[in-house]
Amino acid sequence: MAGTVRKKMGRFNSLISMEEVSHIVKAYSWKKLPTVEVETAKSAGMVAAHTITALRNFPPNPRSLVDGYAIRSSQTEGSSPADPSRFRIVGKSEAGKGFDSAVSGGESVEIYTGGILPEGSDAVVMAENVTVSGGFIMVASPVKAGENVAFAGEDISAGTTLVSAGDIIKPWHLPALTDGGISRVMVFPPLRVAVLNTGDELFLDASDHIENSGMPSIMALLPWKFSNTFWLGQAHDDADEIAHAVRESSDRWDLAIITGGSSLGRKDEVPEAMEMSGSVKVFGGMRTKPGRTTSLYSLDGKPVLSLSGFPSTSILMADLMVEMLLQAMMGISGYRIRERLPISSGITTGSGYTRLIPGTLVEMNGRTMVVPASGSRGMRLSSLLNSSGIIIIPDWVEGYRSGDIVEFRLW
């Protein structure tokens with residue numbers, strides 16, 4: 001027994017920093033994910049596999065931004081109420097039906113918002129700024145070239161980057177892609193994420209039974225459109241059982257997350273289970289508080305993330321680690337927004353470990369500030385309830401004074 005405990009303690013003799021973890025995860029040779037082509041209209045929420053550029057200009061032709069009259073602006077020079085410019089109305093241009101002829105000097109075309117600007121004209125004077133009489137309009141002030149006109153390619157020009165590789169395609173990307181001539185896009189299919197919870201206490205027949213409260217939080221972690229998260233169930237504190245659950249399901253997932261059994265206790269069997277499954281340890285243990293026992297393995301080139309069984313710690317570390325893995329595997333960046341904001345009160349942490357402290361955003365004296373969660377008993381669910389995100393305190397910093405700028409990772 002003593003030898004077993006010493007062996008387990010040896011796992012955490014060389015904890016690595018969060019910065020080192022980020023570099024390791026990014027550089028690791030993960031199994032390449034497949035890509036699929038989908039209709040642009042159905043791509044929102046998915047992750048772009050390649051950078052997409054516009055194939056054509058939008059608008060494709062100069063168009064009016066208002067209801068009014070298309071004219072040659074040069075012929076309004078010197079116009080005034082006492083001496084207005086006079087233009088004969090020669091036709092009409094509206095969305096879907098343009099004016100086929102060119103506009104000559106002294107002519108105007110009645111035009112509606114979205115209508116194509118007739119050849120020979122370079123501006124549109126708003127309807128409310130003209131006087132109409134006997135088939136003519138009078139313009140009482142000068143009009144500038146380009147006034148009230150959207151020129152071809154002014155919004156999107158051919159070759160403009162619409163979506164970068166790794167971007168999560170948002171609803172506002174869809175009209176830009178469509179107007180840019182993109183009818184289909186290459187995306188990653190939903191990332192298959194498997195969740196396995198371990199611990200004898202999760203089973204109903206256990207004398208110290210507790211509810212598996214960590215399962216729904218991990219299951220709900222990733223947005224549904226670019227991920228498909230499913231539950232592998234729960235396993236006893238048994239290395240064979242855990243190894244079998246992971247190994248036998250490996251063809252069904254791209255990323256596996258295991259909670260519980262990651263520490264030094266007699267029943268913490270995940271490291272042994274990973275070894276039995278044929279997994280390779282990528283790293284074992286981080287210099288973070290909480291999350292010291294967070295470890296990462298590779299099974300056939302696919303990541304297996306081992307987390308604490310404490311729900312508050314597991315959801316926080318899962319969110320941090322999945323962000324790194326999404327960037328490494330799918331190129332996603334900006335999954336969580338990070339801001340640099342002043343802290344509302346002083347805090348002492350000590351150096352050596354990256355500290356992760358829940359915080360809430362508040363307005364104080366006209367400034368947005370971060371209020372750290374109180375208490376010194378470690379990460380608790382109660383400290384997450386009203387939090388806006390997490391204060392990340394680097395391992396070389398011993399604390400902050402009120403007003404110091406901190407890195408704040410928003411939920």
Are any residues in the range 55-78 crowded, with 21+ Cβ neighbours inside 10 Å and aliphatic (A, V, I, L, M), and if so, which ones?
A70, I71
Is there a residue being surrounded by 12 or more Cβ atoms within 10 Å (Cβ to Cβ), part of a helix (DSSP H, G or I) and in contact (Cβ under 8 Å) with a residue 40 or more places away in the chain anywhere in the range 383-405?
yes
Among (1) surrounded by fewer than 16 Cβ atoms within 10 Å (Cβ to Cβ); (2) in contact (Cβ under 8 Å) with a residue 60 or more places away in the chain; (3) closer than 23 Å to F230 by Cβ, the one test that R184 misses:
(3)
Is it fair to say V90 is of a type in the set (V, I, T) and either at pLDDT 95 or above or in a strand (DSSP E or B) (or both)?
yes
Hits in the range 36-59 - residues which are among the hydroxyl-bearing types (S, T, Y) and under 15 Å from the mean Cα position of the chain (by Cα)
S43
Sort through I52, I71, I89 and tell me the only one that's in contact with a Leu (Cβ under 7 Å, 6 or more places away or on another chain) and β-branched (V, I, T).
I52
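Conditions tested, residue by residue: (1) touching a Gly at 6+ places or on another chain (Cβ under 7 Å); (2) without any contact (Cβ under 8 Å) to a residue 40 or more places away in the chain; (3) under 21 Å from K302 (Cβ atoms); (4) assigned by TED's automatic domain parsing to the domain that holds P311.
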site: G199; (1), (2), (3), (4): yes, no, no, yes
site: F203; (1), (2), (3), (4): no, yes, no, yes
site: A206; (1), (2), (3), (4): no, yes, no, yes
site: I218; (1), (2), (3), (4): no, no, yes, yes
site: L221; (1), (2), (3), (4): no, no, yes, yes
site: F226; (1), (2), (3), (4): yes, no, yes, yes
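Name every residue in the range 219-252 that is among the hydrophobic types (A, V, I, L, M, F, W, C), assigned to a helix (DSSP H, G or I) and either more than 26 Å from W411 (Cβ to Cβ) or in contact with a His (Cβ under 9 Å, 6 or more places away or on another chain) (or both), in order of residue number.
Filtering the range 219-252 for residues among the hydrophobic types (A, V, I, L, M, F, W, C) gives 219-222, 224, 226, 230-232, 235, 239, 242-243, 245-246.
If we keep only those that are assigned to a helix (DSSP H, G or I) too, we end up with 219, 239, 242-243, 245-246.
Scanning the range 219-252 gives A239, I242, A243, A245, V246.
The values are calculated or read from the model by the stated rules, or taken from the named source; none is laboratory data. Predicted model only: the values in this text are computed from it and were never measured. Glycine also receives a Cβ, built like all others from the backbone with ideal geometry; neighbour counts cover every protein chain displayed.
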